[in-house]
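Structure record follows, encoded as C-alpha cells.
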Amino acid sequence: MRINYVNPDHVHELIDLPTNVTIEEAVQLLKGSSSHWINSNDIIKGKFAWGRGYGAFAVSQSNLEAVCRYIASQEKHHRVRTFDDELKEFVQRHGLKWRPDESR
C-alpha cells in the first residue's frame, strides 16, 4: 500500500500489486480484512459490509507522484465535486463502459 484515503462513500488506494495476485484477489483481501477488523472492533453500530463493485486502474511509474497527490487531497477535492460527478466524468473522458449493478 503506497497511500490510501477513506471517504464516506468510497475509498482510494494506490497499491503495488504483486504479479501473483489478481486485482479481484487484492480487492477481496482489502474488503474482507477491513470488514472483519471493523466488525471485530465494533467500530460502527450493526454489521459493516462493503458495497458491491470496485474500480481498478493501472498507473504508470511516471504518474505515481501525481496519483499520490490526488489521493492525499481527497478531503479538499470532494468539498468541490461529488464522487458521482467525478466518476461519471472519468468514465466519459476515458471511453470506459459503465456496467450498472443489474447487469453483473
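The values are calculated or read from the model by the stated rules, or taken from the named source; none is laboratory data. Owing to the predicted nature of the structure, the values given are computational and were not obtained by experimental measurement. Glycine also receives a Cβ, built like all others from the backbone with ideal geometry; neighbour counts cover every protein chain displayed. Keep in mind that these areas ignore ligands, DNA and RNA; they rest on the heavy atoms of the full protein, side chains included. Shrake-Rupley method; radii C 1.70, N 1.55, O 1.52, S 1.80 Å.
I'm trying to understand the selection: among the residues of the range 48-63, which are within 25 Å of Trp98 (Cα to Cα) and either more than 13 Å from the chain's Cα centre (by Cα) or polar (S, T, N, Q) (or both)?
Kept after step one, since they are within 25 Å of Trp98 (Cα to Cα), are these residues of the range 48-63: 49-60, 63.
Those that are within 25 Å of Trp98 (Cα to Cα) and either more than 13 Å from the chain's Cα centre (by Cα) or polar (S, T, N, Q) (or both): Ala49, Val59, Ser60, Asn63.
Please list, ordered by first then second residue, the pairs with beta carbon atoms under 8 Å, 6 or more apart or interchain, first in the range 1-26 and under 24 Å from Arg69 (Cβ atoms) and in a loop (DSSP other than H, G, I, E, B), second among the aromatic types (Phe, Trp, Tyr) and open to solvent by less than 100 Å² (accessible area, probe 1.4 Å).
Pairs found: Asn7/Phe83; Asp9/Phe83; His10/Phe83.
Just one of the numbered conditions (1) modelled with pLDDT of 90 or more; (2) aliphatic (A, V, I, L, M); (3) open to solvent by 60 Å² or more (accessible area, probe 1.4 Å) is not true of Ile71; which one?
Every listed condition holds for Ile71 apart from (3).
Given Ala58, Ala49, which one is of a type outside the set (Ser, Thr, Tyr), open to solvent by 100 Å² or more (accessible area, probe 1.4 Å) and part of a loop (DSSP other than H, G, I, E, B)? If you could, list the steps in order and put the result at the bottom.
On the way: Ala49 fails: open to solvent by 100 Å² or more (accessible area, probe 1.4 Å).
Just one listed residue meets the conditions, Ala58.
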